[in-house]
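I have placed the structure first, in the form of structure tokens, so that the comments after it can refer back to it.
What follows draws every value from the coordinates through simple rules; no lab data is involved. In this text the structure is predicted, and so the values were computed from the model without any measurement. All Cβ positions, glycine included, derive from the backbone under ideal geometry; neighbour counts span all protein chains shown.
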Amino acid sequence: MSQVNRLQQGGRVDRSKPLTFTWNGKQFQGYQGDTLASAMLANGIKVVGRSFKYSRPRGIFGHGAEEANALMQLGVGKETIPNPRATQVELFNGLEASATNGWPNSDFDLMEWVGKIGGKMMPPGFYYKTFMWPEKMWMTYEKFIRKAAGYGKASLEADPDIYDKLNRHCDVMVVGAGPAGLAAALEAGRAGKRVILADEQNEFGGSLLASKQSVNGQPAAEWAEAAAAELAAMDNVVCLPRTTVFGYYDQNFLGALERRTDHEGMTAPSGSRQRIHRIRAHQVVLATGAIERPLVFANNDLPGVMLSGSVATYVNRFGVVPGNRAVVMTTNDSGYQTALDIHAAGRTVVAIVDTRHNPEGRLLDAARAAGITVKTGHAVIEAKGGKQVTDALVAPIDAAGDSVTGKPVSMSCDLIAVAGGWSPVVHLSCHTGSRPQWNDDIAAFVPGPSIQKQHLAGAIIGEYTTAGALNMGAAMGAEAAGAEAGSNYDCGDESVCPAQPMYLVPHTKSVMRAPKQFVDFQNDVTAAGITLANNEGFESIEHVKRYTAMGFGTDQGKTGNINGMAITAKNLGKTIAETGTTIFRPAYTPVTFGALGGRDIGDLLDPARHTAMHPWHVENGALFENVGQWKRPWYYPKAGETMQDTLNRECMAVRNSVGMVDASTLGKIDIQGKDAREFLNRVYTNAFSKLAPGKCRYGLMLKEDGMVFDDGVTACINDNHFVMTTTSGGAAAVMSWLEMWSQTEWPELEVYFTSVTDHWATCSFSGPNARKVLAKLCDDVDLSADAFKFMDWREGTVAGIKARIFRISFTGELAYEVNVPANQGLYMWQKIMAAGEEFGITPYGTETMHVLRAEKGYIIVGQDTDGSLTPQDCGMDWIVGKKKEFSFLGKRSFTRPDTARTDRKHLVGLKPIDPTVVIPEGSQAVADPNQPIPMDMLGHVTSSYWSECLGHGIAMGTVKNGFNMMGETVYFPQADGRVLAAEIVSPVFYDAKGERHHD
Amino acid sequence: MTSLHSPLAHVELPEAHAHAGVTLREDKFRGHLNLRGNPQDEAFTSAAEKVLGVALPTAPNSAVENDAVRVYWLCPNEWLLLVAEGAEGQTEADLRAAMEGQHIAVTDLSSGQTLINLSGENLPEVMMKSTVYDCHESNFPVGKAVQTTFAKAGATIYKCADGSYDLVIRRSFADYIFLWLKDACAEYGLAVQ
Amino acid sequence: MLHIYCPYCEELREEEEFSYSGEAHIARPTDPEALTDAEWGDYVFFRKNPRGLHHEMWNHAAGCRRYFNATRDTQSYEIHETYKMGEKPSVTSQGAAQ
Ligand SMILES: [Zn+2]
């Protein structure tokens, strides 16, 4: 039984290139040029999956993006891909596909029986009513539903493929390469504009590829091939087949997903498998076409019920007739062409069932001439069958299409092709906020007004004739290019008889009693479900959508939405225009996470910034910590050491001899101009008026709300020149902050700021032997304690290199920071390490730096502060200038009643009662650990370490009213049930008098 | 042992590729100076021109050059000067002397950034992968200089007469940008000179 | 993704190059100490959140690093104009109402 439905000839498949594929483990054949769907239909495969809620058998229904049923699981193992539509998967040799849902398999489905019972318990509003309570049960329900309904499985292994992105720019972006899009691109391309033409299919042409019409005397498909070839030959045109424009964003920015190698196999042979094009276009032409609307009748979801235009596409483009005996049900002329195509293929057309009472015209004449039975004023009111259609129940209906007027007759058939009219693909135009508008002439929504530089051509605004689409495309392409259209197209007689809008086919029983009449196949939404929702009071279309789940999922209401809205409108006694429509959001069709991530993964996820000494740190076994984007040495373990061993060793080296940390990551801002001093006075809490050249000063920066924002040391180079340091993570924010005040508020101050963070490398070494180390390398600076004091800086020569030496300390020990141009940073670091060797100089990382500064009670902005602490809250009132003339940034907020409270959360030292304990950072402080939950929380631990030199744990944290609770005990209940206790103390645990760094 | 290490001194070269679609060359240790001043002040502009031998460019996104210096417009009162290795000290001193008493700033950034040159037939696509700026010749002619994003870092990109691009990048991001380029060029082959 | 005209670079640039800096035209009070708490609180904490035209400050962070202002429609995201610091908007809600 091979390819029972394949025609001997015709279509665009290559019968000399057979391809083998498997479906649910069984092997089948198709041809080069097939989609998975066309190959499955060629092999007579009817059931492709089970429905989400009722577990009903479902078959292939459409031929493109509108397909709601045929979601596949492709491939196995790490290459597996969940949920592509079979209609959009190009067949390749060895393709393995299986159903995403159906348990144990889609042909025999236990869940069908559960569904038959469960369906009654899963009415619309199912999610809200069932799953909203109890909330904690959701995970249990969800697992059950997913297992039962499927939806595919993602691989748990890493994807072997790569994905990338291109930023593209063009004059004219044409979306869709059907007749309108091709004609538009030709005009814009010939006008010399930079054009991008994208289409989701493997070849350009759209409906022309399955058309038996001619364009200016040339067969339509041939004309499309010639047009595509002309475009491909133009340097100024980028042709992107297999590319879905999935999103249309503000100011003509579009996202497009190109499937570069999906058609060649599960893994890309080389390069990227998929690519996102991020397109900025001056003008956009939307030529996205229209999707055929299904008809809502009883059991319309049975396999064998298909869209009429899709059937024609399978016949004409793929040489596949998906049935032997077809009933075509139509409300307009397009069903006739399908019937004629099936008939021409040698299969039986049982009847054309036309809901219109008095259709006429060339297509009706042609059908009758071909001997096809045409039943006017009739409708298929119900499909019959088990796993597939076996009969169509056909009955006469009244002219309005509201009721059945006679006795139904049964017609034996295995295919019901339905033509319910067309819905323009308005999705993209909605993405930028434009609401679709109802157009009575074509009984469909068309794109509404848009502020984008956007042009519409073809079926998207209801121009359904081929010549009309071509000519409109040419006109819009020319308009977008600012040129005159140079082409005129003729496709012969395309006259049609008016269509009849038909959103719900009447049945002999009421909507609530008739067999299920499906509106949304993917979400199992029925006409009865919508009616129930309306009866329950849901009137807004957005509410109906959410209550019934209509238009959810990967389908996004491509086929069902209009019928559902029309049914709602009718139930409410309104027009469709009054009821309105939900709008569509990106993505038009699903986009893989791989493509969205592109190359910004792994090492490229976020830039890793390196200091000049980075290679040394790597070579010497440092483990790294992320500080902002910087990679900073965290600690330097030696063989056999635990992390705590390393920290103890590094800390004691600094306390007893000398250690060195790479401080190059600190932000550094060069400030020049005669008003630099005044500017500093305004942005820092303390005064810089008297800071002399050669001196440094620590400063605290606040936001206008009075809260600490950054800190750092600023050195005076000369009266008009300062260098400010900032925190490593805050450098960019501080630079922007200074620029903002300079550019927007105080442009009269003569001052310029330049970031020099990357220019200077900083070797910071401290400990009682620091001076001896420096003395070995520097002989042109008097290093004596009296001549080069704490908080002084000197220019000197260190290891033969001109350097700026700052005598500042973040460890509480005698310390120097040697700054040299970063090109010489690595050399300087090595020279200092060599000079310090005799003193056992020890490189240390950020963790030891944190311990050492915490022993001294120095804060780290961003760790100990969180934007809610004033200087006073930090115990740093000493750094707030009381006499400064200018009301510096944040000062006024100190006297706000809330900020002035004396019982705010204060940053205090916390000494564990049990000296061996290190209280976990983030632990919440409470006064009474026996208070029932929820306890009153007083604050939390911000920093906490083991202090080797003190022999006990130390911590800093916020405690409400902490400054007034010195000596009192607070408690820290832990998740494991322990309760840790600490005494509130001064945060300065080590050398409280500050003698050591002054030595 | 040299005391100088450029920002890309440490990188591991990619595997040799029979055909290199893109070539990267680090023009290391150039002198980089940032200059600030008021372009409406004739004393400032004439002093700059006297020292540099070219007038400061005032058109946005432009650059000028002579044998000794290339000057990039960075914003209405900011320029980047690229001079030969080691010439930055003298240039800074000359500028300061010529602009004595004016509201200006001269800042040495020679160690804080580096210049890399990218060339090769696949460069257009690599630029599309790497920057949101439109590098099509109609928008990015020879001699234009643009500050924009490059991957997730920033760069000042200059289009050279031979069609190649000079990128001024920050030292700390150099390793990341190199990794990015190595990855982006993998399908075409990357040669490092 | 917005496409923003930098009035200093005199080009349309991609949104990635910019950072948003809040409502425009908020002058710092010249004498903060003379203000009541309520007045100071207005300046520090309260910002407009209109549906429609909004004057807002942007920074061309990855470009020329200049701050500038934009008149943007918060509903349609249309940017009606951008203008340099110190300049006044030409598109205002009063103007639009006329
Ligand atoms: Zn700019």
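Extension gain, A:Ser410 to A:Asp365, is 13.7 nm, computed as 0.36 nm per intervening residue step minus the present C-alpha separation.
Per-peptide packing, taken as the mean over residues of other Cβ atoms within 10 Å, places B:5-18, A:860-873 in the sequence A:860-873, B:5-18 from highest down.
Determine, for each peptide in B:136-142, A:209-215, A:764-770, A:949-955, the mean count of other beta carbons within 10 angstrom over its residues, then list the peptides with the highest first.
Details: B:136-142: 12.7, A:209-215: 19.9, A:764-770: 25.7, A:949-955: 18.3.
Per-residue mean Cβ counts within 10 Å order the peptides as A:764-770, A:209-215, A:949-955, B:136-142.
Extension gain for B:Asp162-B:Glu85 works out to 25.5 nm (0.36 nm per residue, less the C-alpha to C-alpha distance). With q set to 0.05, 0.08, 0.09 Å⁻¹, the log10 of I(q)/I(0) for the protein assembly as shown, from the Debye formula over equal scatterers at the Cα positions, is -0.48, -1.05, -1.20.
Restricting the range A:842-944 to GluC sites (Glu not before Pro) that sit in a DSSP loop and have at most 11 other Cβ atoms within 10 Å of their own Cβ leaves A:Glu885. Summing Lys and Arg as +1 and Asp and Glu as -1 over all other residues whose Cβ lies under 11 Å from the Cβ of A:Glu157 gives a net charge of -1. Averaged over the residues of peptide A:451-460, the number of Cβ atoms from other protein chains lying within 10 Å of each residue's Cβ is 1. Inter-chain Cβ neighbour count for A:164-174, averaged per residue, equals 4 (cutoff 10 Å, partner chain atoms only). Each residue in A:Thr348, A:Thr243 was given a count of other beta-carbon atoms within 10 angstrom of its own, and listing them fewest first yields A:Thr348, A:Thr243.
Sort A:519-530, A:169-180 by the packing proxy (mean of other Cβ within 10 Å over each peptide's residues), most packed first.
Values: A:519-530: 27.1, A:169-180: 29.9.
Order by mean packing, descending: A:169-180, A:519-530.
Residue order for A:Ser495, A:Ser334, fewest other beta carbons within 10 angstrom first, comes to A:Ser495, A:Ser334. For the range C:3-84, the Kirkwood hydrodynamic radius comes to 13.9 Å, computed from all pairs of different C-alpha atoms.
Computed from the C-beta positions of A:Leu623 and B:Glu137 and an R0 of 60 Å, the FRET efficiency is 0.80 to the nearest 0.05. Using R0 = 22 Å, the C-beta based FRET efficiency linking A:Met652 and A:Lys802 works out to 0.05.
If R0 is taken as 30 Å, the Cβ-Cβ distance between C:Asp31 and C:Glu87 corresponds to a FRET efficiency of 0.70. What percent of all Cα-Cα pairs in the range B:31-110 falls in each 5 Å bin, counting up from 0? It works out to 3, 17, 31, 31, 15, 3, 0, in whole percents.
Summing Cβ point charges (Lys, Arg +1; Asp, Glu -1) relative to the Cα centre of the protein assembly as shown gives a dipole of roughly 3200 debye.
Per residue of chain B, the DSSP helices (runs of n ≥ 4 H) give a summed -39500 (n - 2.57) that works out to -6500 deg cm²/dmol at 222 nm.
Taking the C-alpha atoms only, the angle from helix A:220-232 to the longest principal axis of chain A is near 20 degrees. Its Cα centre serving as origin, the range A:879-950 has a Cβ charge dipole (Lys and Arg +1, Asp and Glu -1) of approximately 760 debye. In this structure, the pairs whose alpha-carbon distance is over 27 Å, taken from A:Lys690/C:Lys88; A:Lys46/A:Lys78; A:Lys193/B:Lys159, are A:Lys690/C:Lys88; A:Lys46/A:Lys78. Checked against a 29 Å cut-off, the cross-linked pairs A:Lys545/B:Lys152; A:Lys631/A:Lys674; A:Lys384/A:Lys570; A:Lys695/A:Lys776; A:Lys668/A:Lys891; A:Lys703/A:Lys960 give Cα-Cα distances beyond that limit for A:Lys545/B:Lys152; A:Lys631/A:Lys674. Each of B:Ala59 and A:Asp877 was given a label point 7 Å from its Cα along the Cα-to-Cβ line. The distance between the two points is 6.1 nm.
Counting 0.36 nm for each residue step from A:Glu968 to A:Asp903 and taking away their Cα separation leaves a gain of 21.9 nm.
Considering helices alone, the calculated mean residue ellipticity of chain A at 222 nm is -6000 deg cm²/dmol, with DSSP H runs of length four and up weighted by -39500 (n - 2.57) and normalised per residue.
Counting other C-beta atoms within 10 Å, which of A:Met329, A:Met740, A:Met833 has the fewest, and how do the rest follow?
Working: A:Met329 30, A:Met740 15, A:Met833 19.
Least to most surrounded, the residues fall as A:Met740, A:Met833, A:Met329.
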